[in-house]
1. For the stretch 185-199, in order, what is each residue's ³J(HN,Hα) by Karplus, 6.51 cos²θ - 1.76 cosθ + 1.60 with θ = phi - 60°, in whole Hz (x at glycine and Pro)?
2. Relative contact order (percent) for the stretch 88-146, with alpha-carbon contacts under 8 angstrom and 6 or more residues of separation?
3. Under a cut-off of 17 Å between alpha-carbon atoms, report the lysines in cross-link reach of Lys60, not counting same-chain residues fewer than 8 places apart.
4. What percent does the relative contact order of the stretch 80-193 come to when contacts are Cα pairs within less than 8 Å and at least six residues apart?
5. Check Thr32: other-chain or 5+ apart residues with amide H under 5 Å from its amide H, H built from backbone geometry?
6. Computed FRET efficiency, Cβ-Cβ of Gln156 and Arg86, R0 35 Å: what is it to the nearest 0.05?
7. Tell me which residues come under 5 Å, amide H to amide H, from Leu179 once H is placed; ignore anything under 5 positions away on its chain.
8. How much length would be gained if the chain were fully extended between Val47 and Asn187, taking 0.36 nm per residue of separation minus their Cα-Cα distance, in nm to one decimal?
Amino acid sequence: MKKSGRVTWVVLVLGILVGASVMAGNVFLNGTPIDGVTNQKFKKVNVTIDARGDVYIEAKGYAVQSNDGSALPSSQPAAAINTPSRRYWLVAQESERGMAQYEVDIYINSVWFRRIRSGEDQLVEDITRNLRTGANVLHFSAQKKIPGKRKSFAIQKTLSIIIGEGNMGGNNVMIENPLIQYARNANETKNFSDDFTINVR
């Protein structure tokens, strides 16, 4: 993975609205992650939903058990251990709309995340909730899509994807520490499969 020096990227957020179902976060019981748990009912609990959509359930008298049946301490700081302390963003855009003629499928830690298509609007998305602290592997699978004819043969006509640490201020996302800078261009014709490992704080 190539990593540039400390560069600040400023990206205009184009009124992107994400539905509540897309923004759904992780679920924690007394600080322990319980994603995927079903058919449970909790009484007399306090529920907090943070800015990322993570749900924290505080329930006295309840404890999460490990696979061998032993109870984990309710004070275990699992959420703090697994949840990044920084915010991470994905920005995708084309130098000239529709010219690159590539589609890129992105997988985060072997889980399909989304597809980026040539010809679409600029994308700015917070991906923090899809990451965990420590090493994360991102896989990019790029395919050339030419339904009719080639629109361009220029190396300068690119579809670029940037992933990095950043913050939102007003209507701007500022990527202060780019970790992945990926691009496919109109001159290329073959398919690509690339893996990147980033360290999430």
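Read-outs throughout are calculated quantities, based only on the coordinates presented, and are distinct from any laboratory measurement. On a predicted model such as this, the values are computed, not experimentally measured, just so you know. All Cβ positions, even for glycine, are placed from backbone atoms using ideal geometry, and neighbour counts span all protein chains on display.
1. 10, 5, 6, 7, 10, 7, 8, 10, 9, 10, 10, 10, 10, 10, 9
2. 45
3. Lys41, Lys43, Lys44
4. 33
5. Placed amide hydrogens put nothing under 5 Å from Thr32.
6. 0.60
7. Distant-sequence amide H within range of Leu179: Ile163, Gly164, Glu165.
8. 45.1 nm
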